[in-house]
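The values are calculated or read from the model by the stated rules, or taken from the named source; none is laboratory data. Note that this is a predicted model, so its numbers are computed, not measured. We place every Cβ from the backbone using ideal geometry, glycine too, and count neighbours over all the protein chains shown. Each accessible area value is taken on the protein alone, full model and side chains, heavy atoms only, with ligands, DNA and RNA left out. Shrake-Rupley method; radii C 1.70, N 1.55, O 1.52, S 1.80 Å.
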Amino acid sequence: MRLLLVSYFVLVAICLPPCVSSQVLPNMPTQAMVNHPTEFRLVSSKIYVRPIVDVRIRGTFTHRPSGQSQTVSGFWAGDSLYSVRFAPTLAGVWEYSITANDSTNKGLHGIMGTFTASVQASDNPLTKHGFLAVAPSRCTFVYADGTPFFWLGDTAWEMFMRSTKEEVLRFLDDRARKGFTVLQTTHAIYVDDDSRNRNGTLLYRNNDRTLINPQFFDEFDSVVVWANARGMVVALVPQWANGGMEGYERGWVRKPITQAEALIAAEYLGARYAAHHVVWVLGGDARYDTPERRAYWERFAQVLHDADGGGHLASIHPEGFTASYDFFSNTASWLDFHILQSSHQPWSNDRTVLVRRGYDRSPAKPVLNAEPPYEDFILNSFFSDIEAALVGGKRRATSYDVRLAAYMSIFHGGLVGITYGANGIFQWNSATSPNSGHQPRLSVDSALSLPGSAQMGIMKRLLSDLHWETMIPRLDLMLMLTSNSGATPFYGVLASRDALAAYVGEGLRSVTLSCGALRGDGDFVVRWISPVSGESVVSLMPFSLSPITLRPPQVADDWLVSIRRSVLPPDSSSHNMGNVDTTALKLTYLRPNKANGVVEIVFTAPDAGALDVHIYDVLGNAIMNQRLQVLRGEAYFVLPISASGAYFYRAAFESERFASQISGKFIQK
């Protein structure tokens, strides 16, 4: 992590100074790094009364010799400065041409040149693998090079407006350690003329919403850069809809932003973050239920993509218990993936249906639950006491509520991943900037330790190990399940040709699954995994085309069970035309010794010759592959195997007179 951060900040120090408005000279870089933002600074030869709307800058970047090209917008950086940001995606020479709609401005128009992009060795997945894209399956995301991307987001809507630098870095470091890959946030959730951040920096100058303050976004740049440096994509809301925008519920602002003013902000943000690793999340907690609303957000997306060169994925954030597919067609070209909000209530069957409706739509688009219940949030708090009593009453969401919503969302078709949230963090209730909205019990620093966040990291690791990106929902493979309460538990099933995984909650007693279609040539490897700790219990079951019934090791709130076939290594082939005596080689001693972490094995050979010994675990992973020239008699091996579980051996002996093979299995307890 230290090398990753240093390498990223070296580039940022070169390309993104903290306050461009203090510079007076243009800067045209001649070197750049692949998948990193590079900034081209321009000095206007004119002063504009409205520097954001009176002049428009475009930069076209073309890779030679491939011909790949991208055009992005520039943005006002303060005083007479303008900038164009671009991230090359290929190594080699790039040509650029920067133009302005005011062709008489020689500082902004007719600027051409070349630079060379190189690949930087880095462990940062954003640098190493590139920008996000929709996978060929149309169900998940990948990096540009095809590497699977699991969306594990955390929500910090008001972080920038209320936080200190130290608080932000503690938060990002904690989430990066736990495996989070996305920060879901916005620069300002509710906008007024005098909106300002924690440092007192105004969003607008002179109460003029066409005069966006570059210094405000110089400071917000840091949040985006810090997140990207930790391998986290920023899911950025450019303009919150409900509660602060014209045409929606007025909510918490004195003067809602107009649609025209919001489009100015869209172009500005699209240009400013064209080269960073962001995903656009349009709207915000709203319904898009009229033709006028849908047409506006389509226009908003077009403005964003025109400014950012079409390089970032986009979707839209709906109100509670709705989804983007309730309002927009799957054929909408600007909508790269769907977002649903299962909202802040206990999981229920109608929420399962909400997820499934998105997965079943055609043509397919990825589906993400971007707002399940936040941990420690008061469930059903948006209802009256009487209404809440009908749906389970009001109580704080536990880590089990968080796990249930996450697994059920993913296992029923929300295969992109999940966005987590915690009360105390999403509204940024810090010791130095208290925020009592939604009754947080914990400050940001304390809420970082809520158990659900670590359990989301465990979920990401478990599903990545199963190659979730190759799996699809297969409820038909769950033939029967029972619980200790007698009620039907919530459950979901994912399966591929190589693996099956079932998640079941509410005190599971047994499951009956159809697994006969799994590929492999060995027994079933059954792994019961705790979603709380990630610890597992592994066992073997003989392969069967018939359904198998499984019982968890103990009673728990929820379980994840995975099933694969063990893979046997290929048989050794004998090239000897002499005697084939399958009984000639013998296993004469086998002693697992858990206390010492070893297994002792002795084979007895009938003659001098070659002995091949293969030891492997239930997944086909080799523990030992060794070929020895042995004399007649015993060959003794001591294997360092400390992990409990089942193991297999296969030994093949060959001499001038004999060819023999034996195989079997043993248990290290």
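Structure data summary
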| quantity | calculated |
| --- | --- |
| Charged-residue dipole, Cβ positions (Lys, Arg, Asp, Glu), the chain about Cα centre, Debye nearest 20 | 500 debye |
| Within segment 236-282: Cβ-based charge dipole about Cα centre, in debye rounded to nearest 20 (Lys, Arg +1; Asp, Glu -1) | 140 debye |
| Stretchable slack from V598 to K394, in nm (0.36 nm times residue separation minus alpha-carbon distance) | 68.0 nm |
| Chain lengthening between R441 and T30 when straightened (0.36 nm per residue, less Cα-Cα) | 142.8 nm |
| Selection from I47, H312, F180, by position along the positive dipole direction of the chain (Cβ) | F180 |
| Debye, to nearest 20: dipole size of segment 254-351, +1 on Lys, Arg Cβ, -1 on Asp, Glu Cβ | 220 debye |
| Nonlocal Lys pairs with alpha-carbon distance under 19 Å, the chain (8 or more apart, or different chains) | 5 |
| FRET efficiency estimate (nearest 0.05) - Cβ-Cβ, L590 to D498, R0 25 angstrom | 0.25 |
| Segment 278-353 versus segment 37-52: alpha-carbon centroid distance in Å | 33 Å |
| Signed unit charges on C-beta, dipole axis of the chain, positive-most listed residue L263, F490, F328 | F490 |
| The chain: relative contact order in percent, alpha carbon pairs under 8 Å with at least 6 residues between | 8 percent |
| Inter-site label distance for D173 and T104 at 7 Å from Cα along Cβ, in nm | 5.5 nm |
| Potential extension, V353-S644 segment - 0.36 nm per residue separation minus Cα distance | 100.7 nm |
| Paramagnetic label zone (point 7 Å from Cα along Cα-to-C-beta, S137; backbone N under 12 Å) in segment 340-384 | 366-367 |
| Paramagnetic label zone (point 7 Å from Cα along Cα-to-C-beta, I623; backbone N under 17 Å) in segment 630-657 | 636-652 |
| Distance in nm between pseudo-label sites at D194 and T147 (7 Å out along the Cβ direction from Cα) | 4.8 nm |
| Where the chain is the region considered: accessible area per residue in Å², 1.4 Å probe | 40 Å² |
| When the convex hull of its Cα atoms is projected in every direction, mean area for the chain (nm²) | 35.1 nm² |
| Neighbour-limited loop hits for trypsin sites (Lys or Arg not before Pro), segment 463-528 (at most 13 other Cβ within 10 Å; DSSP other than H, G, I, E, B) | R497, R519 |
| Gyration tensor verdict on segment 128-205 (Cα atoms; rounded if a/c is under 1.5, prolate if a/b is larger than b/c, oblate otherwise) | prolate |
| Distance (nanometres) between label positions extended 7 Å along Cα→Cβ at R254 and T116 | 5.6 nm |
| Of S642, A502, P451, farthest towards positive along the dipole that unit charges on Lys, Arg, Asp, Glu beta carbons give the chain | S642 |
| Where a label projected 7 Å from the Cα of R50 along Cα→Cβ would reach, residues of segment 195-212 with amide N under 17 Å | 204-212 |
| Carbon and sulfur %, accessible surface of the chain computed with the full protein complex present, 1.4 Å | 52 percent |
